[in-house]
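Working notes, structure below.
The values are calculated or read from the model by the stated rules, or taken from the named source; none is laboratory data. What you see is a predicted model; the values in this text were computed from it and never measured. Neighbour counts are summed over all protein chains in view; Cβ atoms, including those assigned to glycine, are modelled from backbone coordinates with ideal geometry. What goes into the accessible areas is simple: the full protein's heavy atoms, side chains included, and nothing from ligands, DNA or RNA. Shrake-Rupley method; radii C 1.70, N 1.55, O 1.52, S 1.80 Å.
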Amino acid sequence: MSAENSSTPYTDKSYGTAGDSQTESGNPEDENTRTDSTGTQHTGTQKGPYSSYHFSPVPPEPKSKKQQKKPMAMGKKFGLLVAAAAVFGIVAGSTFQAVNYIGDKMFPGETTKIENTATTQSSSAAAKGVSTSQGGESVAEVAKNVMPSIVSITGVSVQEIPNYFGFGTQQYEGQSSGSGIIVGQNDTELLIATNNHVVKDANSLTVCFTDQDGNAVTAKDLENTSAESNSQSSDSSTELENGTAVAAQIKGTDSDNDLAVISVKLSDIPEDVLSQIKVATLGDSDSLTVGEQVVAIGNALGYGQSVTSGYVSALNKKVSSENANSTFIQTDAAINPGNSGGALLNMKGELIGINSAKIASDEVEGMGFAIPISKAEPILDNLMSKKTREKVEDENKAAYLGITCKNVTSEASEMYNMPVGVFVDSVVENGPAEEAGLKAGDIIRKIDGTSVETYDNLVSQLEYYEAGEKIEFEISRADGGEYKDQTVTVTLGAKKDAQTSTDNNGRTGNN
């Protein structure tokens, strides 16, 4: 059987005479058509001796009717939909949590990056060809952009004052206010620049962040909430009406240039506050010109951030004060107590100076001074790279140096041509200082790169180091009638093992 016949098993078949060619078709009209040997088709009725046999196609079996389903009720549909959604939500939620957990373990989250303050340039000023340092936006625009990078700093110090009855001394806790500028961050800390004299005598520091309106926390606010903050020791931030106060640590100081960097743990800053603060954009103080307009922002008198404006009165002004002997930017913008450590800005909103001092006198008006940022920047970079330390609370780990000492005052420094620092009056025999090579007559100027000016400053810095640590001391030693600087490495001893000896000024040997 041919392939063609096998494909149509139920078609009609007509058989003619032996001389005719065979024709196959499934249509009845093909019975009247035949083809001869020449291939020509002839129509008409041609009957042979045999009648044709017709086979009817086998009819297909009837398909059974499918039973028509009744439509589902709306309530049932809705119930199934809700159930499916609930199952999907549970599965998706569990999967999401699992992915997050595995992701956090394999790829730890990145530190929140704090944006820099915006800088502006007036299009009209640019169109007129005015330089950007003299153009810029209004004082209000500069203040609005830069305010989130300015902080208020409150320091608490414990001072000894003579007893009222004249017998001995008694301790007095005082507060001081200053300003700071957010200048950077690392993986765990927010870094703030300020003046050394703002933080040098503080036993504890608190930083308050401000918003664009300049709202800040005053020292009185902190005093009123101190009991509450002490009871919540697990949280280092205090929510107040006008801002958030956070504990800070001194990272490094440079007394010669009246600069310091303090740090705040990023984990201590609430998320809503972290999203609002900014890092100050640094400018170029070397490009300033006399007569250029500037803006000063700071925590004046401890009452919160205030804005003043003025002009550059002089450049590279040599000024000698109890805090620093250096060159400054002189401005007539009002710089009041509490402004120390605050920002001096150009009209683009860039930081060009750190407010440091003013001359207060009945004969003087409008003379404020700021440390040029081009001079301060490398010093701040060095201070920011230092390790942040916390006070050693364990008495068994407390360190001591083994010296008796005196202060080299500014008067003594001028009179005897001596460096300002801590004068070593004597060294304890076989103590850490003697073993390291320190001698009587040496003047200690820096510990681990941080300046020391007084005995109290020396003691307070040693409180951050443990016994057994090796620390570099920068000293000045008299040699041939002049003092020469050198570095001595001291392995600190344990304070519990120290022998106490007292000099005439009451400075003890377990320092």
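General remarks:
- Residues satisfying the stated conditions in segment 400-425, i.e. out of contact with any Pro (no Cβ under 9 Å at 6 or more places or on another chain), surrounded by 18 or more Cβ atoms within 10 Å (Cβ to Cβ) and within 22 Å of Gly480 (Cα to Cα): Val420, Gly421, Val422, Phe423, Val424
- Restricting segment 138-159 to residues that are over 17 Å from Tyr303 (Cα atoms) and either more than 25 Å from the chain's Cα centre (by Cα) or hydroxyl-bearing (Ser, Thr, Tyr) (or both) leaves a set whose member that is surrounded by the most Cβ atoms within 10 Å (Cβ to Cβ) is Ser149.
- Residue check for Glu466: closer than 22 Å to Met384 by Cβ and surrounded by 14 or more Cβ atoms within 10 Å (Cβ to Cβ): no
- Within the option set Lys386, Lys375, being under 28 Å from Ile181 (Cα atoms), basic (Lys, Arg) and at pLDDT below 90 holds for one residue only, Lys386.
- Only one entry in Glu463, Glu482 is modelled with pLDDT under 90 and either within 30 Å of the chain's Cα centre (by Cα) or on the phi > 0 side of the Ramachandran plot (or both), namely Glu463.
For (1) closer than 21 Å to Gly178 by Cβ; (2) assigned to a strand (DSSP E or B); (3) within 24 Å of the chain's Cα centre (by Cα); (4) modelled with pLDDT under 90, each residue gets a yes or a no:
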site: Thr238; (1), (2), (3), (4): yes, yes, yes, yes
site: Gln249; (1), (2), (3), (4): yes, yes, yes, no
site: Val312; (1), (2), (3), (4): no, yes, no, no
site: Leu315; (1), (2), (3), (4): no, yes, no, no
site: Ser326; (1), (2), (3), (4): yes, yes, no, yes
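- Of the residues Lys446, Lys387, the single one that is open to solvent by less than 70 Å² (accessible area, probe 1.4 Å) and within 24 Å of Gly184 (Cβ to Cβ) is Lys446.
- Of the residues examined, Gly304 is not one that is at positive phi, in contact with a Leu (Cβ under 9 Å, 6 or more places away or on another chain) and not in a strand (DSSP E or B).
- All positions within segment 163-183 that are under 28 Å from Leu301 (Cβ atoms) and modelled with pLDDT under 80: Gln170, Gln171, Tyr172, Glu173, Gly174
- Of all residues making up segment 447-464, the number that are more than 20 Å from Asn382 (Cα to Cα) and part of a loop (DSSP other than H, G, I, E, B): 2
- Options Asn186, Asn203, Asn196; residue that is surrounded by fewer than 22 Cβ atoms within 10 Å (Cβ to Cβ) and modelled with pLDDT of 85 or more: Asn186
- Scanning segment 475-501 for residues that are free of Cβ contacts under 8 Å to residues at least 60 places away in the same chain, over 18 Å from Asn417 (Cα atoms) and either open to solvent by less than 50 Å² (accessible area, probe 1.4 Å) or part of a strand (DSSP E or B) (or both) gives Thr487, Val488, Thr489, Thr491.
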